[in-house]
1. Applying 1/(1 + (r/R0)^6) with R0 = 45 Å to the Cβ-Cβ distance of THR171 and ASN261, what FRET efficiency is obtained, to the nearest 0.05?
2. To the nearest 0.05, what FRET efficiency results for LEU269 and SER30 with a Förster distance of 56 Å applied to their C-beta separation?
3. What ranking do 313-325, 125-137 get when scored by the average of other Cβ atoms within 10 Å per residue, highest first?
4. Assuming R0 = 41 Å, what is the FRET efficiency of LYS208 and LEU127, from their Cβ-Cβ distance, to the nearest 0.05?
5. Only residues of segment 118-144 count here: report those whose backbone N is under 20 Å from the spot 7 Å along Cα→Cβ of LYS233, or say none.
6. Find how much the distance from ASP253 to GLU23 grows on full extension, using 0.36 nm per residue of separation minus their present alpha carbon separation; answer in nm with one decimal.
7. Taking N as the number of residues in the chain, what value does Rg over Cα atoms divided by 2.2 N^0.38 Å take?
8. Principal axis extents for segment 63-198, Cα atoms only, whole Å, descending order, please.
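Values in this text are rule-based calculations from the coordinates and carry no lab data. Computed from a prediction, not measured in an experiment: that's the story for all the values here. No Cβ is skipped: glycine too gets one built from the backbone with ideal geometry, and neighbour counts run over all protein chains shown.
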Amino acid sequence: MDVYLKQCTDYTNAEEVLLPLLEKYKDLFSKNDRVLVKPNMLSPNHVGSGITTNPKIVEIVLKFLLSLGTKPFVGDSPATGNAISVAKANGVYEICKELDIPIVELDDPVEVDGENFRGFKVSRKVLEADKIVNIAKLKTHVQMIMTLAVKNTFGCIVGKEKSAWHFRAKTNTNFANVLIDIHNIVNPTLNIIDGIEGMEGNGPANGKKKKFNVIGISESAYALDHAIIKSLKIKEKYVYIIKEAARRNLIPDYNLISNWNAPGIKLPLTTPIFETVTNITRVFERVPKINKDKCVECKICESRCPAEAINIDNDKYIDYSKCIRCYVCHEVCPQDAIKLVRKIF
Ligand code: SF4
Ligand code: SF4
């Protein structure tokens, strides 16, 4: 199993870096294969936000797949908005229009059981695709610490079912196993990380944009994510998905081919060290707090909260006795109006 991590400092150079890497995997695809290309299309953010997969990377992948005679289509089930609105905001729509590639909403659920959890509502469009190319971003994540290739396949779960899994999982370790179960069901043919620009701090949507200057690729998302974590010098035990994937023997031995000069990264403040402490004392845990001046009362957070803990009409109230600290509200707020603060009360 090979993992490639290649230095790439700008999207204008991405083709000369990514295309030779894609060529190494051309035998994975056959003529007329219906290939789902699954970028990170979290929410309707502008190109260059560092939040969603850059359209240049999507364009390179789509042109490569077309050159092989496959029939690619782009799909996701975004946390806010829908696949078309996100694609219009982040530039993927224009690319698809130019190349005559359909963009689909990953809806039409089919129930599938995972190894640890049962009843995942996976989009039929995912299950019926011949091949899947998973194109993730390199970002921090306030709940999972990092979001990379394994977590990107969570978008194959239909609509609000994603929020429901936060609630069912309850703990971060369980949620990591939910994500792993889903990733194994989706089982992408090829995994790519767009890490030219990403996010550090309180990602995946309201952190700080950061240039990581890397493109990664591998048949194994576990190996790819592991190689990135190691290169960034992040301890494996901090990253729930990597820790649980290692426990479940899912990270294969791999051969790393890298010329990446990995920079430093600021992690979210919710590291597992704090989780251990909070499990004992519940004093230092961080809770969402709405900045009432910034809030525009769109109610996206309320509709996405899996614990029904938010009531915008009731003076933007959050019921902390219900809140499970999943931070979905922080992730989906388009105004960055939700901060995570220490609960010392
Ligand atoms: S906190 Fe954010 S997501 Fe929630 S209602 Fe206000 S602006 Fe919308
Ligand atoms: S209030 Fe926010 S952090 Fe708490 S359960 Fe709801 S979405 Fe999750």
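1. The value I calculate is 0.80.
2. 0.75
3. Highest mean packing first, the order is 125-137, 313-325.
4. So the FRET efficiency works out to roughly 0.65.
5. Within reach of a label on LYS233: 139-141.
6. Stretched out fully, the ASP253 to GLU23 stretch lengthens by 80.6 nm.
7. Relative to the rule-of-thumb radius for its length, the chain sits at 0.94.
8. Answer, in whole Å and largest first: 43, 32, 26 Å.
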